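Visitor: Sharing a structure, written as structure tokens. Questions coming.
The values are calculated or read from the model by the stated rules, or taken from the named source; none is laboratory data. In this text the structure is predicted, and so the values were computed from the model without any measurement. Every residue, glycine among them, receives a Cβ derived from its backbone with ideal geometry; neighbour counts consider all protein chains shown. Surface accessibility is based on the protein's heavy atoms, side chains included, excluding ligands, DNA and RNA. Shrake-Rupley method; radii C 1.70, N 1.55, O 1.52, S 1.80 Å.
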Amino acid sequence: MQAPELVLLGGPNSGKTHFAGQLYGRLRRKTGRLLLRREGGTPADLSALEDVLRSLARGHAAQHTSAQTWAEITLPIVDTAGQVIDLRWPDYGGEQLNTAFQQRAISQAWRDRLRNASGWIVLIRLNAETTYPEALQRLREGAIDQATSAGRLSKWDANARWVELLQLLLYVAGHGSVQQIKTPRLVVMLSCFDELGAQVALPHEILASQLPLVYSYIQSIWSPGAFSVWGLSALGRHLDERSEDECFIDEGPENQGWVVGPDGSRSEDLTLPLDWLLHPA
Ligand SMILES: Nc1nc2c(ncn2[C@@H]2O[C@H](COP(=O)(O)OP(=O)(O)O)[C@@H](O)[C@H]2O)c(=O)[nH]1
Ligand SMILES: [Mg+2]
């Protein structure tokens, strides 16, 4: 029997590649909730993930993803009780979500994956999202500045964009919205969480305050208990391709990075959100 699948979704530059590398490091290290599965079959080609870890061990960020290498990456995963799952990156250079949104086009392969997945992981990097909270206020006050508003509002508000995207993906995957969704379970990870500074609020509260429409859409469409919101800092800090970060060099990438759970608890075990997807309460 085929293992159930999780798919990871996120726009370009949302941190997918570095999360992949760091997750791979954790899975290999066998100290987290989930492990890498090695039994039977042809071993998966995980050299792209090895490359990411190698860059990080030298203290710098990995190079920009080449579309080809990442097209077919699957991480075979097992939990301590022997339950298996495959994590897929349907990511060809990270542009697929944009294409889906702009051209309403999704490949057959991608459609099948979305349809068959038991869980979706959506990466949202809040710092890179554009919203226009004051535009509504100005509309109400009638104080429209033609010169600035025309330029500034040329991009979709991230609220509308994500809601539309989720709607599209659900539709493509064949999930109606008459009943609240239990499958696929959904994990929203607020990536590069370190960029938001020290946070007292819980991850879902941060999502609700920064992308209120997205949060209320998810809340109304997904069954309570079938979605959760996490903070993710796969690196714990910013690195670029020329960094020589001493923490990464001295302590190793496996000791960097953390997640913040839905209850606010912080852990170095980057496998926890996947474990949550795997185990409905
Ligand atoms: N501050 C911070 N930056 C990160 C983190 N993870 C990745 N980045 C940076 O964000 C950029 C995009 O990351 P990448 O994983 O390549 O995104 P992708 O395009 O979605 O695969 C890179 O410059 C990374 O160094 C993180 O946890 N914190
Ligand atoms: Mg990438």
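Visitor: Consider segment 8-31. How many of its residues are more than 6 Å from ligand 1 (Cβ to nearest atom), within 21 Å of Ala62 (Cβ to Cβ) and either touching a residue at least 24 places away in the same chain (Cβ under 8 Å) or part of a strand (DSSP E or B) (or both)?
Guide: 13
Visitor: Let me ask another. For Val229, only one of the following conditions fails: (1) more than 16 Å from ligand 1 (Cβ to nearest atom); (2) more than 14 Å from Val260 (Cβ to Cβ). What is its number?
Guide: If we test Val229 against (1) more than 16 Å from ligand 1 (Cβ to nearest atom); (2) more than 14 Å from Val260 (Cβ to Cβ), just (2) comes out false.
Visitor: Considering only residues that are in contact with a Lys or Arg (Cβ under 7 Å, 6 or more places away or on another chain) and open to solvent by less than 20 Å² (accessible area, probe 1.4 Å), which ones fall in segment 184-235?
Guide: Answer for segment 184-235, where residues must be in contact with a Lys or Arg (Cβ under 7 Å, 6 or more places away or on another chain) and open to solvent by less than 20 Å² (accessible area, probe 1.4 Å): Ser191, Ser223, Ala226.
Visitor: Hey, another quick one. Those residues that are open to solvent by 20 Å² or more (accessible area, probe 1.4 Å) and either near ligand 2 (Cβ under 9 Å from one of its atoms) or on the phi > 0 side of the Ramachandran plot (or both), I need them from segment 2-14; list them, please.
Guide: Hits for segment 2-14 are Pro12, Asn13.
Visitor: Report whether or not Leu123 is surrounded by 13 or more Cβ atoms within 10 Å (Cβ to Cβ), among the aliphatic types (A, V, I, L, M), within 15 Å of ligand 1 (Cβ to nearest atom) and modelled with pLDDT of 80 or more.
Guide: The answer is yes for Leu123.
Visitor: Would you pick out the residues in segment 50-74 that are modelled with pLDDT under 90 and either of a type in the set (Ser, Thr, Tyr) or outside any loop (DSSP other than H, G, I, E, B) (or both)?
Guide: Passing the criteria: Thr65, Ser66, Ala67, Gln68, Thr69, Trp70, Thr74.
This table checks each residue for (1) within 16 Å of ligand 2 (Cβ to nearest atom); (2) of a type outside the set (A, V, I, L, M, F, W, C); (3) not in a loop (DSSP other than H, G, I, E, B).
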| site | (1), (2), (3) |
| --- | --- |
| His204 | no, yes, yes |
| Ala208 | no, no, yes |
| Ser220 | no, yes, yes |
| Trp230 | no, no, yes |
| Leu239 | yes, no, no |
| Phe248 | no, no, yes |
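Visitor: Mind listing just one residue for me: the one in segment 239-261 that is of a type in the set (A, V, I, L, M, F, W, C) and open to solvent by less than 20 Å² (accessible area, probe 1.4 Å) and, of those, farthest from Ser14 (Cα to Cα)?
Guide: Ranking the qualifying residues of segment 239-261, first place goes to Phe248.
Visitor: Do we have any residue at all in segment 259-276 that's modelled with pLDDT under 95, assigned to a loop (DSSP other than H, G, I, E, B) and not charged (D, E, K, R)?
Guide: No, because not a single residue in segment 259-276 is modelled with pLDDT under 95, assigned to a loop (DSSP other than H, G, I, E, B) and not charged (D, E, K, R).
Visitor: Suppose we filter segment 34-60 for residues that are under 25 Å from Leu114 (Cα atoms), open to solvent by 20 Å² or more (accessible area, probe 1.4 Å) and touching an Asp or Glu at 6+ places or on another chain (Cβ under 6 Å); how many remain?
Guide: 0
Visitor: Report, ordered by the first and then the second residue, all pairs with beta carbons closer than 9 Å, sequence separation of six or more or different chains, a first member in segment 251-268 that is more than 22 Å from Leu56 (Cα to Cα), and a second member that is in a helix (DSSP H, G or I) and open to solvent by 40 Å² or more (accessible area, probe 1.4 Å).
Guide: Cβ pairs passing all conditions: Gly261/Trp276; Pro262/His204; Pro262/Trp276.
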